[in-house]
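The values are calculated or read from the model by the stated rules, or taken from the named source; none is laboratory data. The structure presented is a predicted model; accordingly, all values stated were derived computationally and were not measured. Counting neighbours? That spans all protein chains shown, and the Cβs are built from the backbone with ideal geometry, glycine included.
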Amino acid sequence: MLCQAGRSAFAEQETMTQPVPHKSEGHRKRLREKFLSGGLSGFHDYEIIELLLTLGTPRRDCKDAAKAALKRFKTLQGVFEASINELCEIDGIGKTNVFGIKLIPAAAERYLEKKVVGSLALNNAGALFDYMYGSMSGKDRECFKVLFLDAKNRVISVDTLFEGTLTASAVYPREVVHAALDHRAAAVIFAHNHPSGDPDPSEADIDITRRLVFACMTMGITVHEHLVIGNGCYFSFADCGHISRMRREFENAGRAAAE
């Protein structure tokens, strides 16, 4: 009789200590199953944000916080590009659960970079633009990237060499050449973003590109391209004939000096 009572008390205590499912647990499960079965197709943008917030929020509903973030930053891209401090101003988003939102663009950038490094840059323009656009678009400061290529035009490395203000980057040809020599690069591709979203090059962009082409050619380094990344679009110095024209200017200047 005592043993029976003892078992009943233990069973009752065990039941009391079981975790009580929180009200959003079923909703989260449905979101995860929906993603695993069909990817993000059919997801609302706020549901994507909600799913990311749950990575660092084990027992709290994240739907309202996700909707508030989307309302403040307007688009999913805007949420991803918001600073940690800005995101933490949203009720329900803090230093712990913000990491899911910041992880995705960082992981995507690394993934795209890995697709580019080791590839034939001139034969993989799509992957090149995807990486550049993914890593540079939407930023409120200009940044200047250089892809260093070997003699077979395979990407050795991608470095961000300069970061500037809203209107300009301080780009120093000497530092670009020095970095290219450090990487033992035979050729380079330049890219920088325009925070305004308009990829048309300024006079300063054209001038610095000419200086870079001249500096690199002096050291036997080929400049293949300079891309200006805008909002969903880009400007190609090579496609518009500027790179070949600048090469001719350098060669003509060399011949004139020799005479």
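Tabulated data for the structure shown
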item: Residue pairs meeting the criteria (Cβ under 7 Å; at least 6 apart or on separate chains; first over 11 Å from Leu76 (Cα atoms) and assigned by TED's automatic domain parsing to the domain that holds Lys74, in segment 46-62; second at pLDDT below 85 and polar (S, T, N, Q)); result: Asp61/Ser24
item: Filter result for the condition that a residue is within 18 Å of Ala107 (Cβ to Cβ) and modelled with pLDDT under 85, over Leu40, Leu76; result: Leu40
item: Number of the condition not met by Ser236 [criteria: (1) closer than 20 Å to Ser135 by Cβ; (2) surrounded by fewer than 16 Cβ atoms within 10 Å (Cβ to Cβ)]; result: (2)
item: Residue selected from segment 199-214 under the condition under 15 Å from Ala170 (Cα atoms) and acidic (Asp, Glu), by the criterion surrounded by the most Cβ atoms within 10 Å (Cβ to Cβ); result: Asp205
item: Sole residue being of a type outside the set (Phe, Trp, Tyr), within 17 Å of Met217 (Cβ to Cβ) and either modelled with pLDDT under 85 or surrounded by fewer than 21 Cβ atoms within 10 Å (Cβ to Cβ) (or both), chosen from Arg141, Arg174; result: Arg174
item: Filtered residue count, segment 201-241, keeping only those that are more than 22 Å from Ala185 (Cα to Cα), in a helix (DSSP H, G or I) and not charged (D, E, K, R); result: 2
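Per-residue answers, yes or no, for (1) in contact with a helix residue (DSSP H, G or I) (Cβ under 6 Å, 6 or more places away or on another chain); (2) in contact (Cβ under 8 Å) with a residue 24 or more places away in the chain; (3) basic (Lys, Arg):
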| position | (1), (2), (3) |
| --- | --- |
| Gly164 | no, no, no |
| Val171 | yes, yes, no |
| Glu175 | no, no, no |
| Pro199 | no, yes, no |
| Glu225 | no, yes, no |
| Ala256 | no, no, no |
